[in-house]
Amino acid sequence: MHRREFLKSAAALGLASAASSCSRPKLWKAAAYRKAPQSQVVILRAGSYDVDLVSLIIDGLKSYSLVVKGKRVLLKPNLVEYERDTVINTHPALIGAAIEAFRRQGAAEVVVAEGPGHRRDTDGLLLSSGLLPHLKATGTEFVDLNLDETQCISLSSRYMGVDSLFFPASVLRCDLLVSMPKIKTHHWAGMTLSLKNLFGIMPGVHYGWPKNFLHWRGIHESIVDISSTVCPHFVIADGVVCMEGNGPIQGKAKRCGVLVMGDDPVAVDATCVRIAGLNPEKINYLQMASQFLGNLEESRIQQIGEPLSRVMSPFEVIEAFEYLKS
Amino acid sequence: MQEDLLKSLTVNQNPDGGWGYFTGKRSALEPTAFSLLALGCTPNNHSAIDKGIGFLKLFQGGTGGWPVNLVSREPAAWVTALAGTAIQECEGENQQTQQAAQFLVDSFSRMKVDWLTRLRERIGWGNSLNVDRRLGGWGWNPETAKWVEPTCLSLFFLNLVKGAVRRPALTGCLAEGERMVYDRMCRGGGWNYGNAHVLGEDLRPYPLTTALALIALQKYPSRPENQQSLHYLGAAAEQESSALALCFAILCLDLYQQEWRSLLTRLENLYHETGFFGDLRTKALALLVISASQGRNVFQYASA
C-alpha cells in the first residue's frame, strides 16, 4: 500500500466515523450547540496590506448584529514565529487595523493575545514580526497566553477524551473573542484557520511548546473541544497573502487578496478552504465541528461581498493532503 | 540596569513568597525559580530568598515534583528541574533536591509509539521524524513526546545532584538523555525545540533551545557537535531580538568561554526599549547575566 492510498483510506475511515457519529451518543453538551439554520460569510477584496483595512473590517462587522460597544475584545492573531520573507503570521497591519476598527465601534477594551505554539521567546516575536509598533501606536496591551493565569474549565465537548483543560484567564474574561488566522495549509491538520488558531490560546505553561499534549490527544479532536468551549464570536481571516504547500511554517506565499469575515467560525473556515480550491468536508475537524458549532455545507452559507467563484485560487498541498482537492 | 532589575524582583515578590510571570500575577514555579537564582547571586536578599524557598518547599508534591503553578496539581519535569536548581543554589543539596532528582529519574521515559506509526514504519514509509525513538528523555507533560527544553533542564539539574540519588538509574538517565539531545541536533549545528527533521524537511535551530542544549551538554565542550552548535549560537545571538533567548545565549557563551560582551549592550538596549515587557523571569535572567559578567555563572556545574 502506498502512503497516498493509506492516507485516503485513513481519511475515509475518519469521515465514515464522523458520519456514523450521528447515530452515536452526542459528544457535545447541549449548551454548546450554536449552529444556525443559515450563516453569512463576508469576502472582501484587499489587494495588499496598504489598503484601508480599518474600513474593510468595519464594513465586515456591520454585516452582523455583533454588539461591540462597551465590550472587552480579545484579538487572537496567528503569531507563530518570524522569519524574513515568509508569511507565517497574521500580518501586523491587519492586527493594527482590527484594533482600530473595534475601538471605532465602541469597544471598552481591546487586547491582542497569543500563546505561540513552538517558542517560548514571545518577546522576540513581538519585536521581529513588526507587531510592536502597532501595539505602541494604539496603546494596546499584549498578553502572552502561554504565561497568563489559568483556570481549569470543563469542556463543552468530549472528542479528546478529557473532561477539562486549563484556559487562560484573559480569554475567559473577554466578552468578544476574535480569531484572526492566517489562511494556511497545515501539514498535520490540512488547513489552519480560525478554529485551529485556537491552539494558540492554550497555555504553554501547562501544555508545553508546541502544546504536545493536544497533539497526542488528537489534533482534530483537540480543535473541536477547545472551540466548543471558547468559540470565537467573530473571525477576521487574513487571506491577503496566504500560505500554500508545506504549511504552517515552511510553505510558500500565495496571494489571494481577500479578507474573510464572519460570526460562524465553521462557515468562515469552510469558505477559506473553498477559496483554496479544497473540500472542507474532507477536513475532519470541520466535519466534526459542523455537527454542532456551525455550518459547513455551501448551501447553508450565504456569501456577501465577492462571490466565491471570483476569488477561488487553488492551493498547492503536500502529497498527504492531495485528497482534499477532490 | 542591575539596580532596576533587583528592585523589580524585590517589590514583585508575592506575599506567599513566590513570583508570578508579571507584576500582580499569581505565583508560578518558573519565575520563582529564576528569581531565587538571581537573588542568590546578589548580597543582602536573605529574607526574600527564605520566603521564596519556603514557597517552593510548601508546594513540592509527595512524588518530589512541582506543578507549574498553584492551580495545577500535576507535577512537571521542567519546573521540577528549575525549582530543584534554585534550592540547590540557595541551600545546597538537601531532602528537597534529592526528592526532586528522584522524581526526574522516575519520570524519565521513552517515546510511546502508537500502532499507526508502527504500522507506517513496518510497511516501509520509514521514520518521518528521522529520530532514534529508542532514546528517552523528558516531555512537557507525562505520556507525550520528549522535547529538547524539558530534557535539557532536567539533565542540567541531575548533573548538579547526581551524588544524591540511586546511582545506576541516574547515570542511565543522564547518559541516555544526553544521547537523545545529540540525536536531535539540527544539520549544521544547533537545536530546534523538537526534532531536526520533519516530513522530509530540515528544521532550523533557535538560539534559546541551542543555548539550553549546550548548557546541558557542557561536560563535552570539545565534541564537534558542541563546537558546531556554539558557532551557530555565536552568530545567531548577534541578531537575536528576544531578551529571554539572549540571556540564555550569553550565559551559554560564557560557559564555553566565548566572547559575549557586545551582547550585554544589546541586552541593555532591549531593556531600555521594551522593559522586557515586564516579564519577571527575563529580568531575573538578566541579573544572572550581570552576575556572569562579574565572574559567577550559575549554569556552570562547578559553580552551582
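What follows is calculated from the coordinates using simple rules that are stated; it is not laboratory data. None of these values were measured; they are calculated from a predicted model. As a convention, Cβ positions derive from the backbone with ideal geometry for all residues, glycine included, and neighbour counts pool all protein chains shown.
Once the Cα-Cα distance is subtracted from the 0.36 nm per residue extended length, the B:Glu238 to B:Leu58 segment shows a gain of 60.7 nm.
Taking each residue in A:112-120, count the Cβ atoms of any other chain within 10 Å of its Cβ, then average. What number comes out?
Numbers: counts 0, 0, 0, 0, 0, 1, 6, 9, 12.
Across A:112-120, the average partner-chain Cβ count within 10 Å equals 3.
This model, with +1 at the C-beta of Lys and Arg and -1 at the C-beta of Asp and Glu, gives chain A a dipole about its Cα centre of some 600 debye. Inter-chain neighbour count for A:123-129: the average number of beta-carbon atoms from partner chains within 10 Å of each residue's beta-carbon is 6.
Does region B:186-304 classify as rounded, prolate or oblate by the C-alpha gyration tensor (a ≥ b ≥ c root eigenvalues; a/c under 1.5 gives rounded; else a/b over b/c gives prolate, otherwise oblate)?
Working: a/c = 2.00, a/b = 1.32, b/c = 1.52.
Oblate.
The Cβ shell under 13 Å around A:His118 holds other residues with a net charge of -1, Lys and Arg each +1, Asp and Glu each -1.
Label-to-label distance, A:Ala253 versus B:Arg110, with points set 7 angstrom from Cα along the beta-carbon direction: 4.6 nm. For region B:267-304 versus region A:55-115, the spacing of their alpha-carbon centroids is 34 Å. Pull up the DSSP beta bridges for the protein assembly as shown and report the antiparallel fraction as a percent, rounded to 5. Taking every DSSP beta bridge with both residues in the protein assembly as shown, the antiparallel ones total about 55 percent.
According to the Cα-based calculation, Rg over Rh for the protein assembly as shown is 0.96, with Rh computed by the Kirkwood formula. Work out the P(r) tail for region B:158-225: percent of alpha carbon pairs separated by more than 15 Å, whole number. Counting every Cα pair in region B:158-225, those more than 15 Å apart make up 56 percent. Please work out, to two decimal places, the log10 of the ratio I(q)/I(0) at q = 0.13 Å⁻¹ from a Debye calculation in which every Cα of chain A carries one identical scatterer. Computed log10 I(q)/I(0) values: -0.91.
Quick check for me: using +1 on Lys/Arg Cβ and -1 on Asp/Glu Cβ, what's the dipole size of chain B about its Cα centre, in debye to the nearest 20? Dipole size: approximately 760 debye.
Determine the shielding of peptide B:263-269 by partner chains: average, over its residues, the number of Cβ atoms on other chains within 10 angstrom of each Cβ. The partial results should precede the final answer.
Details: counts 0, 0, 0, 0, 0, 0, 0.
Across the residues of B:263-269, the mean count of other-chain Cβ atoms within 10 Å is 0.
Once you reduce region A:205-267 and region B:19-92 to the center of their Cα atoms, the two points are 35 Å from each other.
Remark: spin-label model distance A:Glu109-B:Asp16 equals 2.2 nm, labels positioned 7 Å along the Cα→Cβ axis.
First measure r as the distance between the Cβ atoms of B:Gln257 and A:Asp85, then evaluate 1/(1 + (r/R0)^6) with R0 = 35 Å and state the FRET efficiency to the nearest 0.05. Walk me through the numbers before you get to the answer.
On the way: r = 35 Å, r/R0 = 1.01.
Efficiency, rounded to the nearest 0.05: 0.50.
Each of A:Arg72 and A:Ser55 was given a label point 7 Å from its Cα along the Cα-to-Cβ line. The distance between the two points is 3.4 nm.
Tally Lys/Arg at +1 and Asp/Glu at -1 over every other residue whose Cβ is under 15 Å from the Cβ of A:Leu66; what's the total? Each step should come with its number before you reach the end.
On the way: positive: A:Arg34, A:Lys62, A:Lys69, A:Lys71, A:Arg72, A:Arg103, A:Arg104; negative: A:Asp59, A:Asp175, A:Asp263, A:Asp264.
Around A:Leu66, the charge tally is +3.
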